Amino acid sequence: MWNMWVGSRMTMLRQVMTRTLPWATGTAVMLSSFGVEAAEQLGDEAIAQRLTSLPGWTIDDSSLICTYSFGNFVESVDFVNQLVEPSELMAHHPDVAIAYNQVTLSLTTHDAGGLTTLDFDLAEIITTVANLDGDRPCLPTL
């Protein structure tokens, strides 16, 4: 039963990536090569424009940040596990902090010294994954 559930979630994630990122073919080679080409730091205007499509995400010290709340620790870890495949396919990974039922994700492209299209593309995928089971907004920052 568990394997069927995990398998169906992985299929759903591949579909989400293809819908969210039309160029995504599901192959690591394609996505990795995209990442190499896309590692150019975005300017303030481009960042502000991309941020409008990510409700609740904030910018702090050249990082794109969102915190999600879940019912318990197991749900938090399950959510993070769902981010592994898309992150690996893109060869781009969020910094993750789990505090029981809250998951804080931080994205930046270290090689570029700030935010790039990779960060915003992955944030769009994360937002979609977070909302697969209903509306789950980023928590307000304090």
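The values are calculated or read from the model by the stated rules, or taken from the named source; none is laboratory data. Since the model is a prediction, treat every value here as computed from it, not as a measurement. When we count neighbours, we look across all protein chains shown, and the Cβ atoms used for this are built from the backbone with ideal geometry, even at glycine. The protein model used for the area step is the full one, side chains on, heavy atoms only, and it has no ligands, DNA or RNA in it. Shrake-Rupley method; radii C 1.70, N 1.55, O 1.52, S 1.80 Å.
If you take all other residues with their beta carbon under 10 Å from the beta carbon of Leu42, and give Lys and Arg +1 and Asp and Glu -1, the sum is -3. Could you tell me what percent of the accessible area of region 60-108 is made up of carbon and sulfur, with a 1.4 Å probe and every protein chain present? Accessible surface attributable to carbon and sulfur in region 60-108 totals 51 percent. Enumerate by residue number the chymotrypsin sites (Phe, Trp or Tyr not before Pro) in region 68-142 meeting two conditions: DSSP loop (anything except H, G, I, E, B), and at most 12 other Cβ atoms within 10 Å of the site's Cβ. Those satisfying the criteria are Tyr100.
With θ taken as phi - 60° and the Karplus curve 6.51 cos²θ - 1.76 cosθ + 1.60 applied, the whole-hertz 3J(HN,Hα) list for region 43-48 is x, 4, 5, 5, 5, 4 Hz, x standing for glycine and proline.
Where does the charge balance sit around Thr141 when Lys and Arg score +1, Asp and Glu -1, over other residues with C-beta under 14 Å from its C-beta? Summing Lys and Arg as +1 and Asp and Glu as -1 gives -2.
Under a 5 Å amide H cut-off, with hydrogens placed 1.01 Å from N, Thr109 pairs with Gly114, Leu115, Thr116 among residues at least 5 apart or on other chains.
Sum up the charges of everything whose Cβ sits under 15 Å from the Cβ of Ser106, counting Lys and Arg as +1 and Asp and Glu as -1, but leave Ser106 out. Every neighbour counted, the sum reads -4.
Basic side chains Lys and Arg get +1 at the Cβ, acidic Asp and Glu get -1 at the Cβ, and with that the dipole of region 64-142 about its Cα centre reaches some 220 debye.
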